[in-house]
Amino acid sequence: MANIHTNFRSPEDIIQEIRETRAILHEFGLEKPLWITETSYTPIKKFQILPCYQGEEGFERYVHDALVVELNEGAEVVVWAALHDYGPDRPESDPYKYSGLYTYDLEPKKAVEVFRELSEELEK
């Protein structure tokens, strides 16, 4: 198994990274399953580096788009990096602090519904 992280990357960059990883593996005669063991983004505007994914709605769209691209490119497993937001010990300057699908107090964000709906759609 080979794994990569795709945090904060555009769907186009994710596709490129997956294809480059597969090409490198192929160069060495390796045909390994590919797992995305960490993908994430943030709903906090000051850390949102992708113009097409701004605000809370942009975060929700990113959850959907990143997962769809990763699975369509053949990733066998995709893991959203943080189930819930990080706690008060994590500084506000950390772009990952609010990247969870749930708040720190385990209240669901709208993005968790996007994740759930996509998961259910894939099970059909």
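The values are calculated or read from the model by the stated rules, or taken from the named source; none is laboratory data. The shown structure was predicted, so the numbers you read here are calculated from the model rather than taken from an experiment. In this analysis, Cβ positions are derived from the backbone assuming ideal geometry, glycine residues included, and neighbour counts consider all displayed protein chains.
Of all residues in the range 58-67, exactly one satisfies the criterion of being over 14 Å from Gln48 (Cβ atoms) and buried (at least 16 other Cβ atoms within 10 Å of the Cβ), namely Leu67. Of the residues making up the range 24-56, those that are free of Cβ contacts under 8 Å to residues at least 12 places away in the same chain and in a helix (DSSP H, G or I) are Ile24, His26, Glu27, Lys45, Lys46. Among the residues of the range 86-95, some residue qualifies, meaning at least one is surrounded by fewer than 16 Cβ atoms within 10 Å (Cβ to Cβ), more than 13 Å from the chain's Cα centre (by Cα) and under 17 Å from Arg9 (Cα atoms).
Look at (1) at pLDDT 95 or above; (2) over 23 Å from Asp105 (Cβ atoms); (3) part of a loop (DSSP other than H, G, I, E, B) and you find that His64 fails only one, number (3). Residues in the range 101-115 that are within 14 Å of the chain's Cα centre (by Cα) and assigned to a helix (DSSP H, G or I): Ala111, Val112, Val114, Phe115. Checked against (1) surrounded by fewer than 15 Cβ atoms within 10 Å (Cβ to Cβ); (2) touching a residue at least 12 places away in the same chain (Cβ under 8 Å); (3) not in a helix (DSSP H, G or I), Leu122 passes all but condition (3). The set of residues in the range 89-104 that are over 26 Å from Ile4 (Cβ atoms) and touching a residue at least 12 places away in the same chain (Cβ under 8 Å) comprises Thr103, Tyr104. The test for being in contact with an Asp or Glu (Cβ under 8 Å, 6 or more places away or on another chain) and surrounded by fewer than 18 Cβ atoms within 10 Å (Cβ to Cβ) does not hold for Ala23.
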